[in-house]
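The values are calculated or read from the model by the stated rules, or taken from the named source; none is laboratory data. Remember, it's a predicted structure, so these values are computed and weren't measured experimentally. A quick note on method: Cβ atoms are made from the backbone with ideal geometry, for glycine too, and the neighbour counts reach across all protein chains shown.
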Amino acid sequence: MLLEGIKRYKKKGLIPFNYNETRIPLDNATRWNSTYNIIFTTLELKEALSYINKITKNTNFKRYFLTNNEFKELNELKRIFEIFIKQSTKLQSELSITLNITLLYIY
């Protein structure tokens with residue numbers, strides 16, 4: 001159903017035509033950036049997920065589906081995580097990390 005929703009909303013222009021994500025990533029306790037990836041992908045696929053919510057008869061899916069306010073809160077969380085994602089990505093690419101460099105990025 002997700003793939004059907006993605007195709008449908010690609011045609012409507014709500015999801016970019018070259019979008020190729022086919023699933024929402026799983027959380028990884030050792031990689032806190034995975035939470036950002038989950039939030040980012042969920043927001044990207046909001047229309048496709050809403051489509052599934054409309055056509056499915058699965059009551060568990062409907063019960064746990066996010067409300068519009070929860071999607072707004074998720075968007076705010078994404079904005080908070082974006083601050084850290086850029087800095088941690090930069091630090092991951094450095095060959096030799098020292099505390100003075102790390103503190104500058106965190107600050």
(message) Considering only residues that are under 24 Å from residue 16 (Cβ atoms) and surrounded by 12 or more Cβ atoms within 10 Å (Cβ to Cβ), which ones fall in the range 59-72?
(response) 65, 66, 71
(message) If I filter the range 73-88 down to residues being of a type in the set (Asp, Glu) and more than 13 Å from residue 38 (Cα to Cα), which single residue comes out as surrounded by the fewest Cβ atoms within 10 Å (Cβ to Cβ)?
(response) 76
(message) Out of 65, 17, I need the residue that is modelled with pLDDT of 90 or more, in contact with a helix residue (DSSP H, G or I) (Cβ under 7 Å, 6 or more places away or on another chain) and farther than 30 Å from residue 104 by Cα. Which one?
(response) 65
(message) Please verify whether residue 81 is assigned to a helix (DSSP H, G or I), of a type in the set (A, V, I, L, M, F, W, C) and without any contact (Cβ under 8 Å) to a residue 40 or more places away in the chain, treating the condition exactly as stated.
(response) no
(request) Take the range 23-58 and flag every residue that is modelled with pLDDT under 85, surrounded by 13 or more Cβ atoms within 10 Å (Cβ to Cβ) and polar (S, T, N, Q). (result) 33, 34
(request) Identify all residues within the range 1-25 that are of a type in the set (Gly, Ala, Ser) and under 24 Å from residue 57 (Cβ atoms); write none if there are none. (result) 5
